[in-house]
Amino acid sequence: YAQAIQFLQRALTFDRHFVKGYHNMGVIYLHMHDYDKSQLAFQMSISEQPDFAPSHAGLAEIYATTGKLADAILSFTESLRLREDPQVRLNLGLAYLQDGQHMQAVEQFTAVEKSSTDPYSKYLAYFNRADALAVKNRHEEAVSDYQAALALAPKDVDVLFNLGLSLTTLDRKK
């Protein structure tokens with residue numbers, strides 16, 4: 001990480017308007033868990049190019065990680081307004097889920113399930129949508145989503161356990 005930061009800092013001395021340089025620095029600091037420097041780097045990127053969606057998503061990641069869920073939701077939403085990205089939409093759903101806004105989370109996970117071509121993203125969408133539905137006592141729908149997640153990850157014990165809980169709640173013990 002240190003070498004990458006040095007490289008980017010040197011590049012920014014040559015071009016103070018290097019949007020992707022600031023953004024990449026924000027990503028590196030985010031991986032290093034240095035959220036203050038990461039936030040500053042993403043903000044510099046956005047100040048240079050306000051419509052740079054990845055930096056809005058980067059800020060949202062910081063906010064979600066540090067528990068500022070309302071700010072995370074706003075930043076993920078802004079990133080999606082600028083550019084559709086199933087991974088950002090998945091993260092928006094997770095922020096809604098953490099914030100207790102279960103039906104908004106369901107909407108986001110549904111959009112990911114319909115638009116993503118990545119099997120892992122689909123698995124995460126099914127699994128997390130099922131969790132949100134189970135919290136709302138919509139266990140039939142949760143069972144269907146847990147089964148879809150299980151089809152993508154047949155050995156996932158968390159899916160099996162949660163599927164069992166929903167089936168038990170529905171009195172389908174067999």
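Is the shape of the stretch 36-109 rounded, prolate or oblate, going by the alpha carbon gyration tensor and its root eigenvalues a ≥ b ≥ c, with a/c under 1.5 for rounded and a/b larger than b/c for prolate?
Since a/c reaches 1.5 but b/c is at least a/b, the shape of the stretch 36-109 is classed as oblate.
Grab the other residues whose beta carbon is less than 13 angstrom from that of Ala64, score K and R as +1, D and E as -1, and report the net.
-2
Quick check: residue separation of Gln3 and Asp51 times 0.36 nm, minus the Cα distance between them. What number comes out in nm?
Gain in length upon complete extension: 14.4 nm.
Can you figure out the FRET efficiency of Asp158 with His31, using R₀ = 25 Å and their beta-carbon distance, to the nearest 0.05?
Working from the Cβ atoms, E equals 0.50.
In Å², what does the accessible area per residue of the chain work out to with a 1.4 Å probe?
Here the residues of the chain average 55 Å² of exposed surface.
What size of dipole, in debye to the nearest 20, comes out for the stretch 1-154 about its Cα centre when the only charges are +1 on Lys and Arg C-beta atoms and -1 on Asp and Glu C-beta atoms?
220 debye
Quick one: ranking Ile62, Ile46 by accessible area, 1.4 Å probe, largest first, what do you get?
Highest to lowest solvent-accessible surface, that is Ile46, Ile62.
Taking 7 Å along the Cα-to-C-beta vector as the label spot, tell me the Ser144-Asp99 distance in nanometres, rounded to one decimal.
2.7 nm
For the pair Arg83 and Val135, what calculated FRET efficiency results from E = 1/(1 + (r/R0)^6), where r is the Cβ-Cβ distance and R0 = 41 Å, to the nearest 0.05?
That gives a FRET efficiency of 0.85.
Limiting things to C-alpha atoms, what are the Rg and the maximum Cα-Cα separation (Dmax) for the stretch 1-42, in angstroms?
When restricted to the Cα atoms of the stretch 1-42, Rg and Dmax are 9.3, 27 Å.
Computed FRET efficiency, Cβ-Cβ of Phe14 and Thr117, R0 45 Å: what is it to the nearest 0.05?
In this case the efficiency is close to 0.75.
Can you give me the solvent accessible area of Lys136 with a 1.4 Å probe, rounded to the nearest 10 Å²?
Spelled out: Lys136, probe radius 1.4 Å, area about 100 Å².
Glu84 accessible area, nearest 10 Å², 1.4 Å probe?
100 Å²
Within the set Lys68/Lys155; Lys136/Lys174; Lys114/Lys136; Lys114/Lys174; Lys136/Lys173, which residue pairs have Cα atoms separated by over 28 Å?
Exceeds cut-off: Lys68/Lys155; Lys114/Lys174.
Using the Karplus curve 6.51 cos²θ - 1.76 cosθ + 1.60 with θ = phi - 60°, work out ³J(HN,Hα) for each residue of the stretch 93-98 in order, rounded to whole Hz, and write x for Gly and Pro.
Here the 3J(HN,Hα) series is x, 5, 5, 4, 4, 4 Hz.
Out of the total accessible area of the chain (probe 1.4 Å, heavy atoms of protein only), what percent is carbon and sulfur?
Whole-percent figure for carbon plus sulfur exposure: 55.
Starting from the eigenvalues of the Cα gyration tensor, five times each then square-rooted, give me the equivalent ellipsoid semi-axes of the chain, largest first, whole Å.
Square roots of five times the eigenvalues give 37, 15, 13 Å.
The values are calculated or read from the model by the stated rules, or taken from the named source; none is laboratory data. Bear in mind the structure is a predicted one, so any value in this text is a computation, not a measurement. In this analysis, Cβ positions are derived from the backbone assuming ideal geometry, glycine residues included, and neighbour counts consider all displayed protein chains. In case anyone asks, the SASA skips ligands and DNA or RNA and just uses the protein heavy atoms, side chains included. Shrake-Rupley method; radii C 1.70, N 1.55, O 1.52, S 1.80 Å.
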